[in-house]
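What follows is a set of notes on a single structure, which appears directly below.
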Amino acid sequence: MFMSFITRLFGLKVVLDAILNRGLEELQKGFWSEAWGHFTLAKGSNDAFTRFLALYCILLMLQFFKIFRAQPRLMMVDRTISTAFNDTLHFMIVFIPVFGAFVISVWCMLGSKLYQFRTFLSATQTCFNALMGDFEWQLLSEGENEPGFKDSMHYFFISLWFISFMITCQLILLNMLVAIVLDALKKNSLEIFG
């Protein structure tokens, strides 16, 4: 808000200065390039300020964990996260290569055929969305009106990939992550509440 006000005030000063001191011709010639320079400078500082605010909000959230230690039930959240951290780290060492292998396989299989899998990053995002339950099976199995996309061999491989991806990543690995967190929660609740 303050940066926006300063930017408007500074822009108004530039307009008035150009009109009073340089005349209307100078305003039409050089004003727009100078104003654009001031605008990009203000926008750059505004972007830096919003990034700082985003980081500051995360730091404030981390400070709440110190406050949670004062109350036993809230302390359980803090201790569960710290207890489960080591096991979660080891879980990620297993999860990332398995998930990455599925991403690379579907990227090779569908990268040239479907827009959602055109790059490795977009394939990763699409696979993560599918892991969270947001997927379009019809698009995945039928394609975007590509000729030769609906053959039975393609449908078989896509089905095989999708079923094995969901069983391995969602049903097995994500449930293991939940089990790691619940085990840490159980240990901490027994320590805190006896």
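Since every read-out is calculated from the coordinates, none of them should be taken as a lab result. Here the structure is a predicted model, which is why all the values come from computation and not from measurement. Here the Cβ is made from the backbone with ideal geometry for all residues, glycine too, and neighbour counts use every protein chain on show.
What ranking, highest mean first, results for peptides 66-72, 182-188 when packing means the other Cβ atoms within 10 Å averaged over each residue?
Highest-to-lowest ranking by the protection proxy: 182-188, 66-72.
Provide the per-residue ³J(HN,Hα) series for the stretch 93-109, in order, calculated from phi with Karplus coefficients 6.51, -1.76, 1.60 and θ = phi - 60°, each as a whole number of Hz, with x at glycine and proline positions.
Result, rounded to whole Hz: 5, 7, 5, 4, x, 5, 4, x, 5, 5, 5, 5, 5, 6, 5, 5, 6.
Express in nm, to one decimal, how much length is gained between residue 132 and residue 164 on full extension, taking 0.36 nm for each residue of separation and deducting their alpha carbon distance.
10.0 nm
Give me a comma-separated list of calculated 3J(HN,Hα) values for the stretch 80-88, in order, Karplus coefficients 6.51, -1.76, 1.60 applied at θ = phi - 60°, integers in Hz, x for any Gly or Pro.
Those phi angles translate into 5, 5, 5, 6, 7, 4, 5, 5, 5 Hz.
By how many nm would the segment from residue 173 to residue 113 lengthen if fully extended, with 0.36 nm per residue of separation less the alpha-carbon distance?
Stretched out fully, the residue 173 to residue 113 stretch lengthens by 18.7 nm.
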